[in-house]
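Student: Below is a structure I'd like to ask you about.
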Amino acid sequence: MKTIFLTKNDIYKGHLILVNENYPVNENDVPDLKAVNGSDITLRNTAALQLDMAINEINGRSGITPVSGYRSMEEQRNIWDDCLIENGMEFTEKYVAKPAHSEHQTGLAIDLGMTCRHIDFVRPDFPDNGICGRFKTVAAKYGFILRYPSGKEHITKIAFEPWHFRYVGTPHAEIIEKNGFVLEEYIEYIKRFKYGKQSLVFRNEYEISYLAAGNYPLEDCNIIDISGNNRDGFIITKRGVAYER
Ligand SMILES: [Zn+2]
């Protein structure tokens with residue numbers, strides 16, 4: 001059986017890392033990037049492939065434009081500074097994350113706009129109907145969540161952003177959507193399922209649990225994904241009973 005060695009530093013890696021006002025991105029984790037939808041916008045490999053598949057499913061290649069994906073620290077700083085000069089502090093704090101605290105620096109977040117002649121870089125149009133609405137209905141199946149929904153601003157500390165999607169992987173996006181969670185809430189919720197003792201069972205296909213940060217050798221052939229939460233531990237996704245023969 002293959003043994004997986006986890007170290008404390010691995011909590012900063014994976015598709016479920018929480019990056020917000022309180023938890024900065026780990027700069028040592030340089031993402032492996034790939035262009036999306038034939039543009040020069042990039043995302044982490046898996047996220048880029050999944051986004052392309054989602055857009056292809058709804059024939060959205062011409063109707064949806066990727067506006068902003070991965071950003072380096074320097075790019076995030078420039079966006080913050082430019083927005084501050086152009087729009088002032090109140091607006092900037094509402095829509096732009098501080099350098100080191102933007103999800104875009106993880107390569108897991110994408111801003112999408114409805115294709116039109118002038119797309120606003122900070123707040124692209126992404127309406128609920130038409131092609132954009134169709135994207136929203138398939139996003140979770142491909143591992144994407146609407147990261148900053150309305151009504152959760154007190155938790156995310158970011159205004160409602162209908163254009164900003166975050167890759168968290170499957171089946172996590174579906175669980176988050178079904179429960180109406182934001183990522184902050186999901187990360188907290190999953191902590192009640194302690195690895196080896198309890199798990200969150202989803203469609204009998206997946207068992208999800210939490211393991212506190214530490215150095216461990218793990219031996220379990222049913223593990224399909226391990227992600228850090230960028231905070232205090234790991235989220236472990238295993239094959240559920242539906243796959244047992
Ligand atoms: Zn964004």
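The values are calculated or read from the model by the stated rules, or taken from the named source; none is laboratory data. Quantities reported herein were computed from a predicted structural model and do not represent experimental measurements. Please note: Cβ atoms are built from the backbone with ideal geometry, for glycine as well, and neighbour counts cover all protein chains shown.
Student: In the range 26-64, what residues are under 16 Å from LEU112 (Cβ atoms) and β-branched (Val, Ile, Thr)?
Tutor: Result: VAL36, ILE41, THR42, ILE55, ILE58, ILE64.
This table checks each residue for (1) touching a Phe, Trp or Tyr at 6+ places or on another chain (Cβ under 6 Å); (2) over 28 Å from SER68 (Cβ atoms); (3) of a type outside the set (Val, Ile, Thr).
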residue	(1), (2), (3)
PRO149	no, no, yes
PRO162	yes, no, yes
GLY180	no, no, yes
TYR189	no, yes, yes
ASN215	no, yes, yes
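Student: While we're on this one: List pairs: first residue in the range 143-169 and in the same structural domain as TYR70 (by TED's automatic domain parsing) and of a type in the set (Val, Ile, Thr), second residue at pLDDT 95 or above and within 12 Å of the ligand (Cβ to nearest atom) anywhere in the structure, Cβ distance under 7 angstrom, at least six positions apart or on different chains.
Tutor: Correct list of pairs: ILE145/PHE165; ILE145/ARG166; THR156/TYR148; ILE158/TYR148.
Student: In the range 38-71, what residues are within 16 Å of the ligand (Cβ to nearest atom), surrounded by 14 or more Cβ atoms within 10 Å (Cβ to Cβ) and in a loop (DSSP other than H, G, I, E, B)?
Tutor: Residues satisfying the conditions are ILE41, GLY69, TYR70, ARG71.
Student: Go through (1) touching a residue at least 24 places away in the same chain (Cβ under 8 Å); (2) crowded, with 19+ Cβ neighbours inside 10 Å; (3) small (Gly, Ala, Ser) one by one and return the number of the condition ALA100 breaks.
Tutor: Going through (1) touching a residue at least 24 places away in the same chain (Cβ under 8 Å); (2) crowded, with 19+ Cβ neighbours inside 10 Å; (3) small (Gly, Ala, Ser) one by one, ALA100 breaks only (2).
Student: Looking only at residues that are more than 22 Å from GLY169 (Cα to Cα) and either of a type in the set (Ser, Thr, Tyr) or crowded, with 18+ Cβ neighbours inside 10 Å (or both) in the range 103-118, which one is farthest from the ligand (Cβ to nearest atom)?
Tutor: THR115
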